[in-house]
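The values are calculated or read from the model by the stated rules, or taken from the named source; none is laboratory data. This is a predicted model, so every value here is computed, not measured. Positions of Cβ are backbone-derived with ideal geometry, glycine not excepted, and every protein chain shown enters the neighbour counts.
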Amino acid sequence: MIGDRILQYPDLQELCRPGEKPRLTTVAKWADDAGIKYKYDGKGGIWTTLGALETALGVAPAANDSPYDAAALFGGK
């Protein structure tokens, strides 16, 4: 993983088939089937972002997810 937001090919291989080293075609098909958007890395692999993975899995934060004022919400001061 590059930083905490980019998943590289080895990361995707592990997610696709834990403990194995699946080929590129297998990982790309898995990503396509899961709806994960990815790009080719020019080194024989693919990469994606954590945000793309979260979106495909349906765990991305809502677009309107923002901090709120608890006092205003509960009528306090």
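Restricting attention to segment 5-38, the residues being small (Gly, Ala, Ser) and either over 17 Å from residue 54 (Cβ atoms) or in contact with an Asp or Glu (Cβ under 7 Å, 6 or more places away or on another chain) (or both) number 2. When you check residue 51 against the structure, is it part of a loop (DSSP other than H, G, I, E, B) and of a type outside the set (S, T, N, Q), yes or no? Answer is no for this residue. Just so you know, in segment 22-77 the residues that are surrounded by 10 or more Cβ atoms within 10 Å (Cβ to Cβ) and hydroxyl-bearing (Ser, Thr, Tyr) include one that is modelled with the lowest pLDDT, and it is 55.
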